[in-house]
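**Student:** Let me begin by handing over the structure; questions about it come next.
The values are calculated or read from the model by the stated rules, or taken from the named source; none is laboratory data. Just so you know, these numbers come straight off a predicted model, no measurement behind them. Positions of Cβ are backbone-derived with ideal geometry, glycine not excepted, and every protein chain shown enters the neighbour counts.
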Amino acid sequence: MRFSVTDRCDFRCVYCMSKQMRFLPRARVLTLEELATLGRAFVELGARKIRITGGEPLVRQNVLWLLEQLGQLRDHGLAELVLTSNGSQLERMAVDLQAAGVARINISLDSLDAERFRRITRYGDLDTVLRGIRAAQVAGFQRLKLNAVILKGRNHDEVVKLARFALENGLDISYIEEMPLGAIGDHDRAELYYSSDAIRADLARVFTLTPSAESSGGPSRYYRIPGSDSRIGFISPHSHNFCGDCNRVRVSAEGRLLLCLGQEHSVDLRHVLRAHPGDCARLKQAIITAMDLKPHGHDFQLRGQPVILRYMSHTGG
């Protein structure tokens, strides 16, 4: 895939911490001003959508300033500013996020059982997230979507329960096959793998699923349920590879331009920003040149050691 300024592409800006919560040294992390500069550069090159993701992006100090700056890019060709969140900060920030220009929010929700939710997230409080969802509904975003990573024996028995919750609350939901990123020791990915086909079969026993041609610009393949405005999506990096339609790149907290979620190809944009401050032409040329390195697909494998050692929290959802 080659990049051109007329292509619709996503710029993903990631604030992240590792599973062990080791914070990056401040000097290695892009400043909010550098992130705003990157956002403008991508939009001037033709990017139509920016997603802020993580980790949890809303824990970054003064993040609303960055969102306001990016929101202003709608006057320069940006079609949509969206956010992925764990929901922990939404109760207090939803109104301000909507005012800053965020159009849609994806909220991670893998379980509706409080104890299981805490165990899966390692620290999360389900009630806090549910209050955050309600606050976001009141704030009036264009759409809200739940993201649920489904694992056999962990939460696959909640597939229908999660769908009902989404339908009853006017939310979209996407079920996600686990991405094999980072070394883990608490489960065997192959043994716990639960495919999108299995999830869809679970849902079809209860609901009538009608395929939809709708797209949110991401990898979700959507279905509709008659009588509901909610969309049921499936993100299937293993069972239904979507590499052929991918037009996304990501920028990490350290300024690495990641060209594929499942490859280590990257370009150091932090170096360009700091070695040549204010030189937007050089920055944009570095981005354009990097697109020649974008691979045709990922190397995800369920069995064996992961090819990619960085975690999803390092990369962004």
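**Student:** Identify the single condition in (1) assigned by TED's automatic domain parsing to the domain that holds Leu269; (2) surrounded by fewer than 21 Cβ atoms within 10 Å (Cβ to Cβ); (3) under 14 Å from the mean Cα position of the chain (by Cα) that Ile52 does not satisfy, given that it satisfies every other one.
**Tutor:** It is condition (2) that Ile52 fails.
**Student:** Check Asp113 against each of (1) in contact with a strand residue (DSSP E or B) (Cβ under 9 Å, 6 or more places away or on another chain); (2) in contact (Cβ under 8 Å) with a residue 40 or more places away in the chain and name the one condition it does not meet.
**Tutor:** Among (1) in contact with a strand residue (DSSP E or B) (Cβ under 9 Å, 6 or more places away or on another chain); (2) in contact (Cβ under 8 Å) with a residue 40 or more places away in the chain, Asp113 violates only (1).
Conditions tested, residue by residue: (1) surrounded by fewer than 21 Cβ atoms within 10 Å (Cβ to Cβ); (2) of a type in the set (A, V, I, L, M, F, W, C); (3) at pLDDT 75 or above.
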| position | (1), (2), (3) |
| --- | --- |
| Ser215 | yes, no, yes |
| Tyr223 | yes, no, yes |
| Ile232 | no, yes, yes |
| Gly244 | yes, no, no |
| Val249 | no, yes, yes |
| Glu254 | yes, no, yes |
| Asp268 | yes, no, yes |
| Arg274 | yes, no, yes |
| Cys280 | yes, yes, yes |
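**Student:** Of Leu83, Leu38, which residue is in contact with a helix residue (DSSP H, G or I) (Cβ under 8 Å, 6 or more places away or on another chain), assigned to a strand (DSSP E or B) and crowded, with 17+ Cβ neighbours inside 10 Å?
**Tutor:** Every option except Leu83 fails the conditions.
**Student:** Those residues that are at pLDDT 80 or above and either in a strand (DSSP E or B) or under 12 Å from Asn147 (Cβ atoms) (or both), I need them from the stretch 179-200; list them, please.
**Tutor:** Tyr193
**Student:** In this structure, is Gln137 more than 28 Å from Val43 (Cβ to Cβ) and either polar (S, T, N, Q) or touching a strand residue (DSSP E or B) at 6+ places or on another chain (Cβ under 7 Å) (or both)?
**Tutor:** yes
**Student:** Another one. Looking at (1) touching a residue at least 60 places away in the same chain (Cβ under 8 Å); (2) surrounded by fewer than 20 Cβ atoms within 10 Å (Cβ to Cβ), which is the one condition that is false for Lys161?
**Tutor:** (1)
**Student:** If you check Phe42, Phe11, which single one turns out to be of a type outside the set (Val, Ile, Thr), at negative phi and at pLDDT 95 or above?
**Tutor:** Exactly one of Phe42, Phe11 is of a type outside the set (Val, Ile, Thr), at negative phi and at pLDDT 95 or above, namely Phe42.
**Student:** Another one. On the basis of being modelled with pLDDT under 95, surrounded by 14 or more Cβ atoms within 10 Å (Cβ to Cβ) and farther than 30 Å from Gln69 by Cβ, does Arg122 make the cut?
**Tutor:** Considered against the rule, which asks whether it is modelled with pLDDT under 95, surrounded by 14 or more Cβ atoms within 10 Å (Cβ to Cβ) and farther than 30 Å from Gln69 by Cβ, Arg122 comes out as no.
**Student:** Ok, one more. Could you please find all residues in the stretch 54-74 being outside any loop (DSSP other than H, G, I, E, B) and acidic (Asp, Glu)?
**Tutor:** Glu68
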